[in-house]
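Take a look at the structure below.
Readers should treat all values here as calculations from the given coordinates under stated rules, not as data from a laboratory. Here the structure is a predicted model, which means the values were calculated and not measured. Every residue, glycine among them, receives a Cβ derived from its backbone with ideal geometry; neighbour counts consider all protein chains shown.
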Amino acid sequence: MSIEVELRVEGSEEFAQKMEQVNVYMQRNIRRKLQDLGSDIHATARKLCPVRTGRLRDSIYTKLEDWILKVGAGAPYAVFVELGTRHMRGFYFITEAVQLHLPR
């Protein structure tokens, strides 16, 4: 069971509509900034991720789709490591990485 975090900002639909009206150069600059943010979140999540074999760390991804930055981990057990189980505490490696970069 993989995990994906999608942070929705209030007014994001209006933002997406307005971005269609902005010139191509401004759109390109904003996309580049979002991709940079995604790279930083990705790097931080990899540092915070607990490592036994490296499979979970290697499954961490970020992708930008229609002005929405998605962060997740594709390993089947990612949700259990992130949120914990009744036998172990959660590590919150993705949540923490997003929160550290949220002010940007």
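Placing R0 at 41 angstrom, the Cβ-Cβ distance between HIS87 and ASN29 gives a FRET efficiency of 0.30 after rounding to 0.05. Less than 5 angstrom separates the built amide H of PHE91 from those of GLU82, LEU83, GLY84, all sequence-distant by 5 or more or on a different chain. Estimated translational diffusion coefficient (Stokes-Einstein, Kirkwood radius over Cα pairs, 20 °C, 1.002 mPa s) of the chain: 146 µm² per second. Calculated mean residue ellipticity, 222 nm, the chain: -15000 deg cm²/dmol, from DSSP H runs (n ≥ 4) at -39500 (n - 2.57) each, averaged per residue and rounded to 500.
Quick one: compute a quarter of the convex hull surface over the Cα atoms of the range 14-68 and quote it in nm².
So the Cα hull casts an average projection of 4.3 nm².
With springs connecting C-alpha atoms under 10 Å apart, model the chain as a Gaussian network and identify which of ALA78, ALA45, ALA16 has the largest mean-square fluctuation. Largest GNM mean-square fluctuation: ALA16. If you build a Gaussian network model of the chain, linking Cα atoms that sit under 10 Å apart, which residue out of GLU14, GLU82, GLU65 swings the most? Of the options given, GLU14 has the highest mean-square fluctuation. Using a 7 Å offset from the Cα along the Cα-to-Cβ direction at both LEU100 and PHE15, what is the distance between the two label points in nm, to one decimal? About 2.2 nm, to one decimal.
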